[in-house]
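Written out below as structure tokens is the structure these notes cover.
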Amino acid sequence: MSVSEERIPLAEIITIDTGNIINWANMKRKVPTSSTDEIRVSIDTTLSACQKEADLEKQRDLRQLVCCYPNKIPSLETREEQKITVKLFIFNTEVEIFKEAIQKALKQLSVTMIDTVLLSMPDEPDDENLTIDHVKPLWEILEGYVAQGTIGNLGVSDVDLPLFVELYNWAEVKPMINQLNLATCCVIPPEMKDFAKENNVQLLTHADPRSKPFTCHSNSRYCIYF
């Protein structure tokens with residue numbers, strides 16, 4: 001049993017808000033070797049800091065717990081001066097959990113509008129190969145948020161050309177970004193470049209982990225990058 005399970009044995013949902021890890025002194029002293037290590041260090045540090053300041057007796061009875069890294073550095077910019085991009089790593093394709101992830105992002109950022117949302121789907125949702133049928137229900141939810149003015153633009157991460165074209169042709173709100181992993185796509189395929197150029201799609205790169213960024217005894221619902 002882990003320390004967290006001992007201290008919060010009844011917790012069913014734990015939200016971990018690391019804040020801006022770029023400003024962490026320990027991250028500057030020892031830079032993580034990968035995005036996966038960065039997530040692990042961020043989670044461990046935030047949980048430890050949260051436990052130090054918490055009333056452990058009260059925590060034992062909680063079923064939902066929010067752990068935020070203390071001493072957040074306030075932004076000197078106004079919302080109008082900021083461009084917010086949120087990347088949603090989805091481990092569970094249930095619609096209600098997906099809606100929860102979007103609402104959680106809005107709440108933790110204390111905003112009513114996100115400029116861009118990037119959707120990162122699991123490689124094998126429900127132990128099946130990823131297809132357009134897995135993406136459609138979640139994309140329709142995103143389109144609803146765009147219609148409301150809650151989200152500005154949509155994009156995807158690590159989607160190969162056939163699936164991207166299928167999504168682009170089907171969607172009412174087109175994906176305008178495809179973010180590709182440097183580890184698996186050192187050279188962007190010419191066909192992808194041609195399609196992106198013809199349809200004004202941005203091709204970006206990232207070094208985020210493709211698999212589940214961390215493991216734990218309970219099932220991870222989602223991970224959000226700001």
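The values are calculated or read from the model by the stated rules, or taken from the named source; none is laboratory data. This one's a predicted model, so the numbers in the text were calculated from it and none came from an experiment. Glycine also receives a Cβ, built like all others from the backbone with ideal geometry; neighbour counts cover every protein chain displayed. Note: areas computed on protein heavy atoms with side chains; ligands, DNA, RNA excluded. Shrake-Rupley method; radii C 1.70, N 1.55, O 1.52, S 1.80 Å.
A compact table of results
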item	result
Heavy-atom accessible area ranking, 1.4 Å probe, most first, across 131, 93	131, 93
Vicinal HN-Hα couplings computed from phi for region 83-94 (Karplus, 6.51 cos²θ - 1.76 cosθ + 1.60; Hz; Gly/Pro x)	10, 9, 10, 10, 10, 9, 8, 9, 9, 10, 8, 5
Residue 44 versus residue 166: modelled label distance in nm, points set 7 Å from Cα along the beta carbon direction	4.0 nm
Amide H partners (placed H, <5 Å) of residue 159, local residues excluded	179
